[in-house]
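Enquirer: My questions will all concern the structure given below.
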Amino acid sequence: MIEFLNEISKFTFILHLFPAIALFTFRLPRRKLFILRAAAYIAVLIGLSLVWGLLGNVISIEYISYVIIVRQIVLFVVSVLGIPFLFSVSGYTSVFCGVGAYALQNLIYRIAEIIIKSIAVWTTVNEQSLSIISFFIRLALYLIAYLLSFFLVFKKYVINESVCKRNRKILFLGIGMIALFIVFSDMRQSSDIGYIIGSIYTVANCLFILYILKYIIATENLEVDKRTLEQMLRLKGEQLAASKETIDIINIKCHDMKHQIALLRRQTNSEILDKLEQTIDIYDLSLQTGNVALDILLAEKGLVCKSKSIKFTCIADGGQLSFINEVDIYSLFGNALDNAITAVENLDEDKRTVAITVKQSVGLVSIHIENYCAHHYEYSDGLPVTTEPDKNYHGFGMKSIKSIIEKYHGFMDVSDSDNVFKLNISFPLN
């Protein structure tokens with residue numbers, strides 16, 4: 001067992017670092033022949049580990065600390081250089097991921113070392129038992145830490161090129177700090193207590209670097225969301241202007257045709273005219289809720305529902321929404337109804353229903369939208385997570401709704417109990 005663990009220890013750094021790199025890079029665009037490139041990359045890292053293992057056997061003990069420092073630096077540099085070899089990213093992104101991966105790996109390793117050295121100092125465990133205990137402590141810590149990192153951070157946030165290019169100074173700071181704690185943490189300490197203190201210093205450095213990188217990713221993702229929502233609002237504004245003109249033309253033409261049909265009814269087969277009039281009624285979009293933007297939006301979505309055999313009911317006092325900008329009304333109701341239509345369009349016909357209510361009640365303007373849904377949604381930050389395969393480019397509809405509600409100091413509640421999705425929005429009247 002001890003011999004096996006000694007053999008494994010030659011590759012400890014690579015075995016620990018590689019999963020950390022994978023966490024930072026798993027969403028990056030891969031280059032062609034990725035599997036072959038990855039195999040070559042791993043082979044180089046294993047080869048370097050073997051070389052350093054051989055050097056450790058021939059170098060005298062007084063120089064071993066310097067060999068360890070050089071080894072860490074070389075392996076770190078090779079790891080960073082391997083990222084653009086595997087993925088279609090810039091050098092800044094490679095450094096960003098490399099710095100983060102090294103800090104994460106070193107953080108876990110040093111925590112494990114603190115625990116192991118503490119056991120060695122304050123217990124009477126023999127060396128053989130300590131080696132076995134150390135192996136399982138490291139294994140457990142790495143598994144737990146990497147799984148937590150994935151679900152709490154990397155599954156939620158996306159690393160992109162713009163993040164790294166706009167924060168290059170912080171990346172260079174991270175590289176400098178890593179260089180410092182490579183040198184200081186791997187210098188041989190005079191005692192186990194000294195080694196524990198050095199490891200605590202390294203843990204602090206790693207936590208600081210990881211905090212900076214997470215802050216960069218989180219704020220950049222918020223900025224990307226903000227720019228996307230602003231762009232969506234601009235497009236909705238343009239769409240509203242175009243829709244106003246189109247619907248006005250349709251309404252005028254429909255009313256003109258109705259008058260013409262009334263004149264022709266005395267001269268032509270009335271059954272044919274009845275069918276023609278029914279067809280025109282579909283496009284007679286003169287809805288009057290008391291809010292122009294809402295009227296236009298409801299007319300458009302009413303046509304969509306008609307084409308998809310969706311029963312669309314609306315009881316709305318649009319005049320209560322006068323305090324909301326027209327573009328915001330068009331965007332808020334548009335996104336909400338788009339989500340509702342998407343949810344029901346593939347259901348059985350008796351469940352293809354969408355209902356909307358707008359009213360004043362107890363000092364609040366209340367909006368209620370409900371529809372059937374085929375399944376229970378997952379939620380993040382109080383919003384349902386998109387069911388589209390590409391979650392990076394979908395799900396902005398609900399974010400846009402939330403942004404508009406917050407803009408007017410309102411609040412919302414979302415639920416989907418008993419296969420009915422309900423969106424409740426309230427705004428204070430004052």
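Enquirer: Taking PHE136, is it open to solvent by 50 Å² or more (accessible area, probe 1.4 Å), modelled with pLDDT under 70 and over 27 Å from SER88 (Cβ atoms)?
Expert: no
For (1) hydrophobic (A, V, I, L, M, F, W, C); (2) closer than 14 Å to LEU423 by Cβ, each residue gets a yes or a no:
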position	(1), (2)
GLN288	no, no
LEU297	yes, no
VAL304	yes, no
ILE315	yes, no
GLN320	no, no
ILE324	yes, no
ALA336	yes, yes
ILE341	yes, yes
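Enquirer: If you scan the stretch 369-395, which residues turn out to be in contact with a Lys or Arg (Cβ under 7 Å, 6 or more places away or on another chain) and modelled with pLDDT of 80 or more?
Expert: Result: GLU370, TYR372.
Enquirer: Return a yes/no flag: does the stretch 72-87 have any residue that is on the phi > 0 side of the Ramachandran plot, open to solvent by 20 Å² or more (accessible area, probe 1.4 Å) and at pLDDT 80 or above.
Expert: Checked the stretch 72-87: no residue is on the phi > 0 side of the Ramachandran plot, open to solvent by 20 Å² or more (accessible area, probe 1.4 Å) and at pLDDT 80 or above.
Enquirer: Can you find, within the stretch 44-59, the residue that is modelled with the highest pLDDT among those that are open to solvent by 60 Å² or more (accessible area, probe 1.4 Å) and closer than 18 Å to PHE85 by Cβ?
Expert: Only one residue fits best here, namely VAL44.
Enquirer: Taking the stretch 402-429 as the region of interest, how many residues are free of Cβ contacts under 8 Å to residues at least 60 places away in the same chain and assigned to a loop (DSSP other than H, G, I, E, B)?
Expert: 3
The values are calculated or read from the model by the stated rules, or taken from the named source; none is laboratory data. Quick caveat, the model's predicted, so the values are computed rather than measured. All Cβ positions, even for glycine, are placed from backbone atoms using ideal geometry, and neighbour counts span all protein chains on display. In case anyone asks, the SASA skips ligands and DNA or RNA and just uses the protein heavy atoms, side chains included. Shrake-Rupley method; radii C 1.70, N 1.55, O 1.52, S 1.80 Å.
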